[in-house]
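Contents: one structure, followed by commentary.
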Amino acid sequence: MPASWETLANDHILGIAPYEPGKPIEELERELAIKDAIKLASNENPLPPSERVQKAIAAALGQLNRYPDGGGFYLRDALARRHGLTPDDIVLGNGSNELIELLVRAFVRPGEEVVIPHPSFVVYPMIVQAVGGIRVVVTLKEHRLDLEAMARAITPMTKMVFIANPNNPTATIVTAAEVEEFMGRVPERVIVVFDEAYIEFAQGPDFPDTLAYLRQGRKVAILRTFSKAASLAGLRVGYAVAAADCVALLNRIRAPFNVNSLAQVAALAALEDDAHILECLRMNEAGRAFLYDEFTSLGLKYTPSRANFILVDVGRSAADVYNRLLREGVIVRPMTSFGMESALRVTVGTPEENRRLMKALRKVLPEVKGA
Ligand SMILES: *Cc1c(COP(=O)(O)O)cnc(C)c1O
């Protein structure tokens, strides 16, 4: 009998469960034969890219016969100026997802440990597993990263620590003071990756300035993305900020044209569009306040959010509530796979989408028996 594909596979990947993205709107509409489904499942920006960004994309269509600028010169230059760094400190990625992968592939050797919070972004453990690294999982405390426990989890075998700030799926932050204390306990040789995908929504005097650790020469990498506040999830563009020596290593293993031309021009235009970000932040804040009120009026507990999504405890099977919401044309994320049986993660939408969500939730909740 010929060998199966599984026996041929790299051993490390056999235990990995495939990433389950939020259900696409079109898929649900096909399944239910409906037209107006809404998706509040992937923490996307409910607003489309601004006119300015769309114009920049349209203007670049005529050059699509050419490969992109593999070095992302203009975008890295603009990012460097914005952060007071040099372009050598920045590497672009096909979403910040790719940068997580490049960091792990570049630095984590088989058998080395990576400290990962849980529940958090599922991509971290997947990629660590794929390279044969050891996942050292530290459970959150009251829905927040437990930096104290994460520091204690560091051993001589630890190569890297992931800090999602704000954390997904809880939307909580770790503060500047907590991170300062943590960095004081992390050995200089350990790489700390700060995943700041939602930083625009979280800004405040208590939010850590992680670039300061880079300037101090600490082994840190800071991940940002255009997928959330900048409304460009579909184009896949993010970046890592790190020491030039680190960036040079990541450049050795990334695909030559990992960020496409449209993504580069769109991100560049988005960077100059603070008005769009401000509008999104205002809408998000109003949406959160509306949803908090609504959840409270239904007697549901939620975790106060520093991002564009909310973790809400529906007090009964989240999987059942999720499935019933689907039938109402509303896609959210059940947290069942994270071991949170009664929690949903909902993305804050437009005012109309938020009202749709609450109308559907009010309808389906009484249909599911409480825990
Ligand atoms: C959405 C998200 C990202 C961004 O992924 P992209 O690949 O940039 O779209 C990164 N980290 C976390 C924790 C996220 O939730």
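The values are calculated or read from the model by the stated rules, or taken from the named source; none is laboratory data. Keep in mind that what you see is a predicted model, and the values were worked out from it rather than measured. Methodologically, a virtual Cβ is constructed for each residue, glycine included, from the backbone with ideal geometry; neighbour enumeration extends over all protein chains shown. When the accessible area is computed, the model is the full protein with side chains, heavy atoms only, and any ligands, DNA or RNA have been set aside. Shrake-Rupley method; radii C 1.70, N 1.55, O 1.52, S 1.80 Å.
Numbers at a glance
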read-out	value
Point-charge dipole on Cβ atoms (K/R +1, D/E -1) for region 51-272, about Cα centre, debye to 20	540 debye
Tyr124, Tyr67, ranked by accessible area, largest first (probe 1.4 Å)	Tyr67, Tyr124
For region 51-272: relative contact order, % (alpha-carbon pairs under 8 angstrom, 6 or more apart)	29 percent
Between region 228-275 and region 342-367, the alpha-carbon center distance in angstrom	33 Å
The chain: relative contact order in percent, alpha carbon pairs under 8 Å with at least 6 residues between	22 percent
Cα gyration tensor of region 51-272 - equivalent ellipsoid semi-axes, whole Å, descending	30, 19, 16
Test item: Cα-centred dipole of region 218-311, Lys/Arg +1 and Asp/Glu -1 on Cβ, debye	560 debye
Euclidean distance between Cα centres, region 52-130 to region 1-40, Å	23 Å
P(r) tail fraction, region 248-296 - alpha-carbon pairs more than 15 Å apart, %	68 percent
Positive-end residue of Ala275, Gly70, Tyr124, charge dipole of the chain with Cβ unit charges	Tyr124
Kyte-Doolittle at least -1.0, axis length at least 18 Å by Cα - qualifying DSSP helices, the chain	274-297
The chain: calculated mean residue ellipticity at 222 nm from DSSP helix runs of at least 4, using -39500 (n - 2.57)	-11500 deg cm²/dmol
Within-14-Å neighbourhood charge of Gly299 [Cβ basis; K, R +1; D, E -1]	0
Loop trypsin sites (Lys or Arg not before Pro), region 102-202 (other Cβ atoms within 10 Å of the site Cβ: 13 or fewer; DSSP)	Arg189
Summed residue charge, Cβ within 14 Å of Leu250's Cβ, Lys/Arg positive, Asp/Glu negative	0
Sequence-separation-based contact order of region 268-371, relative, with Cα cut under 8 Å and 6+ spacing, percent	28 percent
Kirkwood Rh, angstrom, region 208-353 [1 / mean 1/r, Cα pairs]	18.3 Å
Heavy-atom SASA rank of Thr139, Thr86 (probe 1.4 Å, accessible area, largest first)	Thr139, Thr86
Euclidean distance between Cα centres, region 175-208 to region 320-334, Å	34 Å
Candidate residues Ile13, Ile100: accessible-area rank, largest first, probe 1.4 Å	Ile13, Ile100
Solvent accessible area, Å² - Asp69, 1.4 Å probe, full protein context	70 Å²
Cut-off under 5 Å, modelled amide H: who pairs with Ile38 long-range	Val330, Ile331
Spherically averaged projected area in nm², based on the convex hull that wraps the Cα atoms of the chain	21.2 nm²
Probe 1.4 Å - accessible area at Lys39, Å² to nearest ten	40 Å²
